[in-house]
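Pasting a structure below so you can have a look.
Computed from the coordinates by the stated procedures, all read-outs in this text should not be read as laboratory data. Quick caveat, the model's predicted, so the values are computed rather than measured. In this analysis, Cβ positions are derived from the backbone assuming ideal geometry, glycine residues included, and neighbour counts consider all displayed protein chains.
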Amino acid sequence: MSFAGVDIRDAFFKEVYNIAMQDKNVVFITADTDSFVLHDFKRDLPRQFINASVAEQNMINVATGLALSGKKVFILALIPFVILRCFEHIKVNICSMNLPITIIGLGAGFASGIDGPTHHAIDDIAIMRVLPEITILNPSDSMLSANCARIAYQANGPVYVRLDKGKFPELYESSYDFSAGFKIIKPLREVNIISTGFMTKEALRLIGKLKEKSLDAGLIDLYRIKPLNSLPLLKHIANSKLLVTIEENSIIGGIGTIVSELLTDNRKSIALKRIALKDKQYFNYGTREWLIDNCGMDINSLVKDILTYLKITEN
Amino acid sequence: MQDKIEFLKKKSREIRLRVLDTISEALKGHIGGTYSCVDILVALYYGNILCFRSKDPKWQRRDRFIIGKGHACLAFYHIWIDLGFLDVSKIKDYGKNGSILGGQLHISTAGAEYNSGSLGHAVGIGAGMSLAAKMDKKDYKVFFLIGDGECAEGSIWESVMFAAKHKLNNLIGIVDRNRLSVTDVIEKDDGSGSLEGKFKACGWKVININGHSFGEILSAFRNLDRLRQPLMIVADTVKGKGVSFMENGTKWHHGIPTKEEFELARGELERQL
């Protein structure tokens, strides 16, 4: 099936709908958070659909009770409210008992742009990855998003899926082995970029710009942030001269940190340029594009940064 | 009925004594909040209120009992040992390095339904289990025990509203209202209205009882099959109940008695047997 033109959220929710149609043990809870395809779920599977109202902590606790009673539960809310507000509930209830609950967080990065910093999700990866039991998925296209729903359903423990919004260029085919956790989108070279989610689309643009400057860079889309598929990833990047991580997250604790840990723990001496949001609160309102540019992550700045860094590395 | 009540009274004193002995050996435990709810727990487990199988604590059709105030765990450990859920030899390890029997309840212990330790989770978890029972057309009930100090947690009220909205008439809560939190007295009138009023306003049926009167406890749990909404039993209790000098003092939230105090307490409890 093609996912061309399908919103990344709808792809995920449609797959959950298909799963729940087959498995009456699947329960979907939303904290009054909406998405187009969920209307079908509510209409066709009312006994498996609950609106828990704007009460995210209770949603997690109810999901816990359901999962302890044998249900597979998907819960949905905006990332800051279901992750930051409820972290302790997630740690104690979902994770410490290793329950099959999938947390769907909407609005990865600056996806909620104009709604401001209360709605931004730039610190959730740093927070969630300290939970030992959690699987963290961050899809970058609709085919992958649908498959993330399937991976979450088949997991026996907790899963956190960061969902973006809108339509994304197609990067994955249905035949891809989604257990890999990452995909080489552009053949690897001396300079290789590792990105995740929304920024993979941006990384593709960046690679085009770099090519204009005669720099051919490879690209890896890292969609399973935890557990990292460490050894295969390490094997692929081992011969890089420069690695660049790009993410719409805080510089602390995101994929830049993860790659630096991977290199350090495996005694790999590869230059790493981490491109991410500075360690500061972003209290400006604006569109996602404006926010990203305003953080110094516009394509022209990135090209300059990478070329400068490469020059230093070469010297 | 009188025989039954005498039996329950005797059982309560036994459990209090065993809790005291364990604390005297381990020098760890929350004696005040344990003693305030022992009578309720004994009524639930020995008064034919909870439906369970001693030989099969994870029996699918058992009533679920979610324990918010897990720091009362010593009463549970001793009840579960007495009922045969737990091997008596395990209690020797209570509070020791690496033991599974600690100051809170762990799900791997037969009888424990979730990992307790953080307040404010029990009502929502109970509501989820009640909902699952309804979805699966199962007839078990879900009970939970919370403290009145715990009722300051906001997540409790999210869950209280949820349970009423979903008409979870298989969900029965008990508040152990001993009117003492860790550091303070919980005033009868703190300006925010009574607990009973709050639960009622949120759509629950509310019964107020003396949590140390077995007659009142047993009658509060009658006719649960006729409930049309979730039920909250607000049980007035005394922190440290059963030992005169421990009653109604914040000192005994997690205070450990001296050797002399142990002897005095043991003497009082033994005389009651």
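Given N residues in chain B, what is Rg(Cα) / (2.2 N^0.38 Å)?
0.95
Which whole-angstrom value gives the distance between the alpha carbon centres of region A:118-152 and region B:207-258?
44
Then there's this: Kindly provide log₁₀ I(q)/I(0) values, in the same order as q = 0.06, 0.11, 0.13 Å⁻¹, from the Debye equation applied to equal alpha-carbon scatterers of the protein assembly as shown.
Log10 of I(q)/I(0), two decimals: -0.38, -0.99, -1.21.
To one decimal place, what orientation-averaged projected area in nm² is obtained for the convex hull of the Cα set of region B:1-115?
6.9
So what is the 222 nm mean residue ellipticity for chain B from helices alone, if each DSSP H run of at least 4 adds -39500 (n - 2.57) and you divide by all residues, rounding to the nearest 500 deg cm²/dmol?
Only helices count here, giving -12500 deg cm²/dmol.
Separate question: Quote the charge dipole size of chain A about the Cα centre in Debye, to the nearest 20; the model charges only the Cβ of Lys and Arg (+1) and of Asp and Glu (-1).
In total the dipole reaches around 520 debye.
Let me ask something else. Using only the alpha carbons, work out the radius of gyration and Dmax of region A:181-314 in angstrom.
Considering region A:181-314 through its Cα atoms, Rg and Dmax are 14.2, 42 Å.
A further question on this structure: Kindly give the semi-axes, whole Å and largest first, of the ellipsoid equivalent to chain A, taking each as the square root of 5 times a Cα gyration tensor eigenvalue.
So the three semi-axes of chain A are 33, 19, 19 Å.
Let a ≥ b ≥ c be the square roots of the eigenvalues of the Cα gyration tensor of region A:19-97; is it rounded (a/c under 1.5), or, if not, prolate (a/b larger than b/c) or oblate?
oblate
Filter the cross-link list A:LYS226/A:LYS278; A:LYS42/A:LYS71; A:LYS226/A:LYS311; A:LYS186/A:LYS268 down to pairs whose alpha-carbon distance in this structure exceeds 26 Å.
In this structure, A:LYS226/A:LYS311 exceed 26 Å between Cα atoms.
P(r) for region A:76-115, please, calculated from all Cα pair distances in 10 Å bins and given in %.
Pairs per bin, as whole percents: 29, 48, 19, 4.
Once the principal axes of the Cα atoms of region A:40-84 are found, what is the range along each, listed largest first in whole angstroms?
Result, largest extent first: 31, 25, 13 Å.
When N is the residue count of region B:149-234, what does its C-alpha Rg come to as a fraction of 2.2 N^0.38 Å?
Dividing the Cα radius of gyration by 2.2 N^0.38 Å gives 1.11.
What's the Cα-based Rg to Rh of region A:91-162, Rh via Kirkwood?
The Rg/Rh ratio comes out at 0.99.
Report, as a whole number in µm² per second, the diffusion coefficient that Stokes-Einstein gives for region A:8-163 at 37 °C and 0.692 mPa s using the Kirkwood radius over alpha carbon pairs.
Calculated translational D: 217 µm²/s.
Tell me the volume per residue, in Å³, of the convex hull enclosing the alpha carbons of region B:196-273.
Normalising the Cα hull of region B:196-273 by residue number yields 116 Å³.
Sort largest first and round to whole Å: the equivalent ellipsoid semi-axes of region A:94-224, each the square root of five times a Cα gyration tensor eigenvalue.
Equivalent ellipsoid of region A:94-224: 27, 18, 13 Å, largest first.
Compute a Gaussian network model of chain B, connecting alpha carbons closer than 10 Å, and tell me which residue from B:THR34, B:THR22, B:THR183 fluctuates the most.
B:THR183
Which percent, nearest 5, of DSSP beta bridges in chain B are antiparallel?
Roughly 5 percent of the DSSP beta bridges within chain B come out antiparallel.
For chain A, modelled as a Gaussian network with Cα springs under 10 Å, which listed residue fluctuates most, A:SER145, A:SER69, A:SER230?
Of A:SER145, A:SER69, A:SER230, the most mobile in the Gaussian network model is A:SER69.
So, one more: Just need the Rg to Rh number for region B:229-273, please, alpha carbons only, Kirkwood Rh.
1.15
Also: Counting only DSSP beta bridges with both residues in chain A, what percent are antiparallel, rounded to the nearest 5?
15
With a 10 Å cut-off between alpha carbons and a GNM built on chain B, which of B:GLY197, B:GLY124, B:GLY95 moves the most?
Highest fluctuation among the options: B:GLY197.
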